[in-house]
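This report refers to the structure that appears directly beneath it.
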Amino acid sequence: MAKKQTKAVLLLEDGAIFEGTSFGAEGQRCGEVVFNTSMTGYQEITTDPSYHEQIITMTYPLIGNVGTNPRDWESRKVYARGFIVKENCIPSNFRSKKSLSDYLKKNNVIGLEGIDTRALVKHIRTQGAMRGIISSTELEAKKLQKKLQEYPGLVGRDIVRDVTCKKPYHWEEGVVDILSNQQFKPPKKYKVVAFDYGAKYNILRLLRSHGCEVYVVPAQTLAKEVLSRKPDGVFLSNGPGDPAAVSYAIETVQQLLGKVPIFGICLGHQLLALALGAKTYKLKFGHRGANHPVKNLQTKQIEITCQNHGFCVDMDSLKRKDVELTHINLNDNTVEGIRCVGLAAFAVQYHPEASPGPHDSNYLFQQFIEMMEQCKTKKQRQKSR
Amino acid sequence: MAEYKDYIRRGLDTSPAHSVLVEESVLGWKEFELEVMRDKKDNVVIVCSIENLDPMGIHTGDSITVAPAQTLTDKEYQIMRDAAIKVIRAIGVETGGSNIQFAVHPDNGKLYVIEMNPRVSRSSALASKATGFPIAKIASLLAVGYTLDEISNDITKKTPACFEPTIDYCVVKWPRFTFEKFPGTSPLLTIQMKSVGEAMAIGRTFKEAFGKAIRSLEIDRYSLDGRHIDKNLSSAQLKDKLRLNYWDKIWYVAEAIRRKMAIDEICNLTKIDPWFLNNIKDIVQFEEKIKSRLDKNPQINLGAKYLAPQFIAGLVSSIELRKAKEYGFSDKYLATLLKVKEQDLRKHRQELGINAVYKTVDTCGAEFEATTPYLYSTFEKECEANPSGRKKVVILGGGPNRIGQGIEFDYCCVHAAFALREIGVESIMVNCNPETVSTDYDTSDRLYFEPLTFEDVMSIVEKENPYGVIVQFGGQTPLKLAVPLEGAGVKIIGTSPDSIDLAEDRKRFNKLVKKLKLRQPAGGTALTYQETFKAADKLGYPVLVRPSFVLGGRAMDIVYDEQELKDCVAEAFEASGEHPVLIDKFLDDALELDVDAISDGKTVVIGGIMEHIEQAGIHSGDSACCLPPVSLDKKILAEIRRQTKLLALALKVKGLMNIQFAIKDGQLYILEVNPRASRTVPFVSKAIGVPLAKLAAKVMVGMTLGELGFTKEVHPDYYSVKEAVFPFSKFPGVDTLLGPEMLSTGEVMGLSDDFGIAYAKSQIAAGNSLPTAGNVLFSVKDSDKKTAVGFARKLHEMGFKIIATKGTCIEFIHNNIPSEFALKMSEGRPNIVDSIINGEIGLIINTTIGKQSIRDSFSIRRSAIERCVPYVTTMRGAEATVLAIEALKQRKINVKPIQLYYR
C-alpha cells in the first residue's frame, strides 16, 4: 500500500516545531493548540463547536481506528482547525462509512500524524495552551511564524458569533439507540428555549428525549423574544472561546434570571456565573477528556465526566450569598457546577450529555425537568390563588 | 446433532446436579473485558478496557489481548461501560474490583455480558500493569473503608484514585504456552485455559507493542517471519491453520498476508478483527520490502554468512530503519533480514541517531506530571528517562512464567530490589511479565517494562549507566544474556559469567570436579547422533539424556536401551540448539538432594539441605522435598557441607548457588551445580526464616556475610515440606507419570514439628486430600512389590481395605495381607478404572515401568486426576504418604504462624 506521504508541520507561538505527515486537507490554519485525553470519540470531539479555532491533539496514539459514520456528528460541521494524532489507522467498525483521513479532507481540516504527540502534550502542559499554526503546504518556519503572529488567539474575542445558528429552529431528534436504531421521543411536556452558543447535538437530543419541546435560538436572541415564547425553561449551551467576551449573552442571561428556570452547560455555565457577577479566567491548558472526576457536593457521589473547557469560573469572585458551589473537579479543585435556588438556575462546567464520555451525569437533565416542573406547579398554584 | 447429543450426555454425566446449561453460541464474536472498581459509596470507575485479538471461543487467558479496546466507537464503549456498572451493582460487589467480559457481534454491535468475576483476576493484574492503576492495592484500601476520592493516585501524587486511567500507548499481552511438554495433548486453544504464563509489551503503537511482545515471549521468535512454516503448505492447509485455533495462528496469518490472501478472507477464517489484520499487514509488507533489498542487490549478496557492515546503508535508508524500529522490529531480526551481524546493524543504527527513548506510564496521558519512573521504550523524539546520578544496579527479571521458570525467580528479583533499597543503592528492574511483583512500579526505584533481549537491555544500560547488572536472580533468561552483556562492556556483578560458564560447560566442569577430587556420575557429550550412541554404550544403560543450557529439564529423558535412546535423541538436539547434548550414567533408585548456599567469595554458608521425597531421575522441580533431611546421617551431611563449600569457593561464587547431589550406596555424587538463584531459594528462605536473596544481593554489591550477620547455617527443629503442583487436569490425554522433564506449574509448603504432618499438610495444600479410612488401590511394578508389602501392611493395620491388581495382590496375600483382587483395564469389567470413577478408591499407589505397562496403567492415573483421587507414582512418595496418613490418624493438624517457628 503505497500511501503518498506529504509532510506537514505544527509550529507553536514559542517557536517549537513538530514535523510529521499530512493526512487531512491541504493548507494552513491557525488556532489554539490543545490536547484531549479521551481514548474514544474523536468524531464527536472534532464536530463539537466548542473546538472552534482550536487545533486538537489526541493523547491516545491510535486514532481513526473506528472510522467515521453519519450518526456520531455533534454539529453540522467539523470545527477543529487541525487534528493531530500519533498514528492514523485503517478503520474497522460496523458503523464506519468513511476513514478519518477522508473525513478530514472532505471537511477541510488539516491532519498531522507521526509526531511525538506525547512530547507536544507535555509541552502544552508545562508551557500552557498556546497559539499555533498547522500546515501541509508551507513548511518553512519563518513564513509560518509571520502568519501565526497575525492570529489574535482566543482571549477577549467573541467567537460564539461564528458558530451560533443564524435562525431559530425546532429540534426534533431524540437520543437514538445505535444498536436497535430506535429513537426515544416521549410526548413534549416542557417548552425549552435553547441558546445555541455552539450547542452539541446530544444536548438537544437529550432534552428532546426528556420530554422537551426544544426551540433553538441564536446567541444574540434578546430576552424579551425568549420570554415571549413563554418557555418552561431556558437552556444555555456550550460553546467556544472566552465567555467574558460574549457580553450580549451575559446581559440576556441577567435579564432572564428569576423569570424562567435556567440550566447551563460549559460556556453556558460560565455565562450564568458571569451574569451572577462572577469572573472567569483562563486555565493553563484546560480540561479536555472523558475521565475527569467531579464530586457532587450534595450527594458526595463522584461522577466521571466528559470535559472540554479552557476557561473557568472564579468562585471567590462570586459575591452573592445565594449562589452555591455544587460540583468540583477533584483533580485540581476547580469549579464544575453552581446553582442559585432562589433564581431557579443551575449549571455545570462539564458535559453531562457525554458524547463522547461516560453517562454518569445524565441525571442533570432530569434535574432540569424537575426544576421546570416545580416552577410550573408554583405558577399554577399562584394563578389558582 | 450427533455431536450435540454426545456433549449433552457427557455434560449430564459430569454434572453433580445432572443438568447442563445450553446457551446461544457467540463463537467467533469479538471479546472485550472491562476492569471495574466500586467503593462503599457506590462510586464506580472503569480502570481499563481490554480487547481480545482472538475471538470468542478461546479462553481470554490464552488470547492475545490488547489494551485499550481498539474497535469500539465511543457510543459502543459507553453502552459497555453502562452495562458493566449495572452488573457490578446488581451482583453486589460492595467494594473492590471486578472483571466483566463481553461478547460483541462484529457486524451489528450486539452485545452480551458473558462472564463476571467479582474479584481481582488475571486480567486485573494485567490491567494494573497496563494502566499504572494498582487494582489490588486500591481494592484493599476500599475493603477497609476508604472511598476512591480519599485515596491518592500513586503516580501523579496530586490527583485522586477516583478517575478512569487514560493511556497514551498500546499494550499487548501474549500468552506463553508449553505444549512441547505435554505431547499427548492437542495444541488447539479452546475455552479451557492452557497457557502457563504471559508477556506484556508496551509501545506507542499496536505494531510496536506487538513486535515487542513477540520477542518478550522467549520462544526464539523475533518477528512474524515464516521460518517455522512448512514451505510446501498448501493453500487448503493454510486455510485450516487459520480456521483452527492453533497457538501459533498469528504466524499463519502473516503467511496468508505474504501469499496475498485478502484481509476479508483472513478475517472470515480467523474471526480476527480487520483492524488487527491490517496492522499485521503493515508489519508483514514492510518486512517484505526490507527483505527484497537483498534480492535487488545481487552484486553484494555473495553467499557469505554475513555481509560487511558498510553495505547496510545501501540496503536500508535511515528513514526506513527508523520506521522499522517504530514498527517494533528487533535489531536481531532486521540483521537477519539484511544478512548482517546484529552488532553491526546496531552500531549503524546508533550512528544514525536512531535510539530507543523512554516514555512514562502515568495513568493520565501526560495531563499531569508523573512522579513514578515506570518506563517503556519507543522510537520517538523525547526521552523521559531522566536517570539519576546515584549508585545503581540493574536487576534483570525472568520474563514470562513457564514450566521451570516461574515466580520463584521473581521472588528473588523482588528481594534484590528491596535489599538494594535498604542499603541506599538505586534498583532498576527490567522485566516483561505482568503477573509478577517485580513489575509493580513500587517494588524497585525504577521500572523498565521491557523485553529481556540483548538489544532491549543494552538500551537501558546505555541510558542508565549502572554500577552493575544482576543476572543470577531471574533464572535462565538473564543468565543467557550474561556473556553477551559482558562482551559489550557491561559489568555483571556477583558470580562472574566465566564461573557460570565453568559450571554449565560440561568439559570445564568435569575438570574442576576431578581437581577437587569429587565424584560425578560418569558422562559424556555428543554433538551428533552417532556420538550419543557411542557415549551410551560406553557408560552402559540406563543413561540420562539432556540438552545443555536449558531449564526445567526440557527434553530430558532416562533411557534404558538403545531403542529408547533413538526415540528421544532428536528432540534433545532440537532443544539444545547449537549446544551439545549431554549423556550421563543414570543412578537408578538413588536419593536426591538439593543444597542452596550463599557465598561472598570467602565465607560460604549453607542455606538449606533438602532431601527429595522422590528418587533421583524425577526432576527436582517436580519432586517433593523436606528441609532438614529426614533420613541422612551426620557423616554424609558433613560431607555434603564440605563439598558445597569447596565448590562455592572453587567457582568463586558471589551470591547464591544451588547444587544437586545424589546418594547411591552411601556414595555422594554431584549431579549439577548452578551458581545462581535456584527455584528453591524462596522455599529455603521461608523454611529457615532468612531472606537469602536479599543477603545475596547485598553480597553482590560488595558486602560480606560477616557484615550482614549471616555466617552460620540455620538448623530448624521443625520440618518444611515442599510439594509440586501440576496442571494435568487442564491437559486431557496427558500422562501424569513424573520424570526428568519438569511438568509442575507451582508449589506449596507444609510446616510442622512432625515430618508426617508436614508432609500431609503439603499434600492437602497441593489438592491431594489424603484419606484416613477407606480403600487403597495398589498396582506396582515387580521391583517395587517387596517394598509395597510393608506399606500395605501398615495401611491394613490402620484399618484401610487393600485392593490390588493381580501381581501385586498375589504378593500381598503371600505376605498375609488381606487384599481384594481388582481387574486391570485390559482384563474386563468392572475394573479398577470403574472403581475409581465410582468413587470407591481413596488413594492410589501406582508405579510402572516399560512402555506397554505405562500404556496399560495410563487410564488409572488419568481417571484419578479427573476424579481428584490422590495418587502416588513412586515408592518413596508412597512411603511419605503412609507416614503422613499415620500422623493424621494419630494427631491433629496444628496451626501456627510461620513467625513462631523461627523463634
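Read-outs throughout are calculated quantities, based only on the coordinates presented, and are distinct from any laboratory measurement. In this text, all values refer to a predicted model and were calculated from it rather than measured experimentally. Every residue, glycine among them, receives a Cβ derived from its backbone with ideal geometry; neighbour counts consider all protein chains shown.
How many Å³ per residue does the convex hull of the Cα positions in the range B:30-91 occupy?
Hull volume over Cα atoms, normalised by residue count, gives 92 Å³.
What is the average number of partner chain Cβ atoms found within 10 Å of a Cβ in A:109-122?
4
From the convex hull of the Cα coordinates of the protein assembly as shown, what is the mean projected area in square nanometres?
55.4 nm²
In degrees from 0 to 90, rounded to the nearest 10, what is the angle of the helix B:851-866 Cα long axis to the longest principal axis of chain B?
It is inclined by approximately 70 degrees.
Each residue of the range B:709-717 in order: what ³J(HN,Hα) in whole Hz does its phi give by Karplus 6.51 cos²θ - 1.76 cosθ + 1.60, θ = phi - 60°, with x for Gly and Pro?
x, 10, 10, 10, 4, 8, 10, x, 9
Measure off 7 Å from each Cα along the Cα-to-Cβ vector at B:GLU462 and B:ASP82, then give the distance between these two points in nanometres to one decimal.
Roughly 5.2 nm, to one decimal.
Which length gain, in nm to one decimal place, applies between B:GLU115 and B:LEU646 when the Cα-Cα distance is subtracted from 0.36 nm times their residue separation?
185.4 nm
Treat the range B:434-492 as a sphere of radius equal to its Kirkwood radius over Cα pairs and apply Stokes-Einstein at 37 °C in a medium of 0.692 mPa s; give the translational diffusion coefficient in µm²/s, rounded to a whole number.
Roughly 270 µm²/s, to the nearest whole number.
Give a residue-ordered list of calculated ³J(HN,Hα) values for the range A:285-302 (Karplus: 6.51 cos²θ - 1.76 cosθ + 1.60, θ = phi - 60°; whole Hz; x for Gly, Pro).
9, x, 10, 9, x, 10, 10, 7, x, 10, 9, 7, 6, 6, 8, 6, 7, 10
Quick one: A:MET39, B:MET200, fewest Cβ neighbours within 10 Å first, how do they rank?
Exposure proxy ranking, most exposed first: B:MET200, A:MET39.
Based on alpha-carbon atoms only, what is the radius of gyration of chain A relative to the globular estimate 2.2 N^0.38 Å?
Against the empirical 2.2 N^0.38 Å value, I get 0.99 for chain A.
Using only Cα atoms, figure out Rg for chain B and give it as a multiple of 2.2 N^0.38 Å.
Scaled against compact globular proteins, the figure is 0.98.
How do the peptides A:44-55, B:486-497 rank, highest first, by the average count of neighbouring beta carbon atoms within 10 Å per residue?
Highest to lowest by the protection proxy: A:44-55, B:486-497.
As a test, work out the antiparallel percent of DSSP beta bridges whose residues both lie in the protein assembly as shown, rounded to the nearest 5.
Expressed as a percentage, antiparallel bridges in the protein assembly as shown total about 70.
Give the long-range amide H neighbours of A:MET130: residues separated by 5 or more places, or on another chain, with amide H under 5 Å away, using H modelled in the peptide plane at 1.01 Å from N.
A:VAL33
Could you tell me which of the pairs B:LYS30/B:LYS173; A:LYS191/A:LYS379; B:LYS801/B:LYS892; B:LYS761/B:LYS889; B:LYS291/B:LYS332 are separated by over 18 angstrom between their Cα atoms in the structure shown?
B:LYS801/B:LYS892
Rank B:TYR669, B:LEU751, B:ALA693 by how far each Cα sits towards the positive end of the charge dipole of the range B:637-759 (+1 on Lys, Arg Cβ; -1 on Asp, Glu Cβ) and give me just the farthest.
Of the options given, the answer is B:ALA693.
Amide H neighbours of A:HIS292 under 5 Å, counting only residues 5+ apart in sequence or on other chains, H built in-plane at 1.01 Å?
When sequence neighbours closer than 5 places are left aside, the close amide H contacts are A:THR305, A:GLN307.
Just how many % of Cα pairs in the range B:197-277 lie over 17 Å apart, if you round to the nearest whole percent?
Pairs farther apart than 17 Å: 49 percent.
Give me the percent relative contact order of chain A, please, defined on Cα pairs under 8 angstrom at least 6 residues apart.
Once divided by the residue count of chain A, the mean separation gives 15 percent.
How large is the Kirkwood hydrodynamic radius of the range B:592-631, in angstrom, based on all distinct alpha carbon pairs?
Answer for the range B:592-631: a Kirkwood hydrodynamic radius of 10.9 Å.
Tell me, what HN-Hα J-couplings in whole Hz come from the Karplus equation 6.51 cos²θ - 1.76 cosθ + 1.60 at θ = phi - 60° for each residue of the range B:461-468, using x for Gly and Pro?
4, 5, 6, 8, 6, x, 5, x
With charges set only on the Cβ (+1 for Lys and Arg, -1 for Asp and Glu), what does the dipole of the range A:7-148 come to about its Cα centre, in debye to the nearest 20?
I would put it at about 240 debye.
Report the Stokes-Einstein translational diffusion coefficient (µm² s⁻¹, integer) for the range A:7-148, Rh taken as the Kirkwood radius over Cα pairs, at 10 °C with viscosity 1.306 mPa s.
108 µm²/s
Once amide H atoms are placed 1.01 Å from N in the peptide plane, what residues at a sequence separation of 5 or more from B:ALA822, or on another chain, have their amide H within under 5 Å of its amide H?
Under 5 Å from the amide H of B:ALA822: B:ALA804, B:THR805, B:LYS806.
What is the calculated FRET efficiency for B:ASP6 to A:GLN145, with r their C-beta to C-beta distance and R₀ = 60 Å, to the nearest 0.05?
Efficiency for this residue pair is about 0.20.
How high is the relative contact order of chain B, in percent, counting Cα pairs under 8 Å that sit 6 or more residues apart?
8 percent
Evaluate E = 1/(1 + (r/R0)^6) for B:ALA313 and B:ASN386, where r is the Cβ-Cβ distance and R0 equals 35 Å; express this FRET efficiency to the nearest 0.05.
Efficiency computed from Cβ-Cβ geometry: 0.60.
Give the calculated FRET efficiency between B:ASN894 and B:GLU797 to the nearest 0.05, with a Förster radius of 30 Å applied to their Cβ-Cβ distance.
Working from the Cβ atoms, E equals 0.75.
So for the range B:309-398, what percent of the C-alpha to C-alpha distances run longer than 22 Å?
The calculated P(r) of the range B:309-398 puts 42 percent of pairs beyond 22 Å.
Under the 0.36 nm per residue contour assumption, what length would be gained going from the current alpha-carbon distance of B:ASP537 and B:LYS296 to full extension?
So the extension gain works out to 81.5 nm.
Treating only the Cα positions of the range A:160-384 as identical point scatterers, give the base-10 log of I(q)/I(0) from the Debye formula at each q in 0.08, 0.14, 0.15 Å⁻¹.
Log10 of I(q)/I(0), two decimals: -0.25, -0.82, -0.95.
Please identify every one of the trypsin sites (Lys or Arg not before Pro) in the range B:244-294 that sits in a loop by DSSP and has no more than 12 other beta carbons within 10 Å of its own beta carbon.
For trypsin sites (Lys or Arg not before Pro) across the range B:244-294 that sit outside H, G, I, E and B with at most 12 neighbouring Cβ atoms in 10 Å, the list reads B:ARG259, B:LYS260.
For a quick check: sort B:TYR327, B:TYR77 by the number of other beta carbons within 10 angstrom, fewest at the front.
Going from least to most buried by this count: B:TYR327, B:TYR77.
So between B:LYS305 and B:ASP248, what do we pick up on full extension, going 0.36 nm a residue minus the alpha carbon distance?
Computed gain between B:LYS305 and B:ASP248 is 17.6 nm.
Report for the range A:160-384 the percent antiparallel among DSSP-assigned beta bridges with both residues inside it, nearest 5.
60 percent
At 7 Å along the Cα-to-beta-carbon direction for both B:GLU180 and B:GLN563, put a label point, then send me their distance in nm to one decimal.
So the two model labels end up 2.7 nm from each other.
Direction-averaged shadow area of the convex hull around the Cα atoms of the range B:775-894, nm²?
Averaged projected hull area, Cα only: 7.3 nm².
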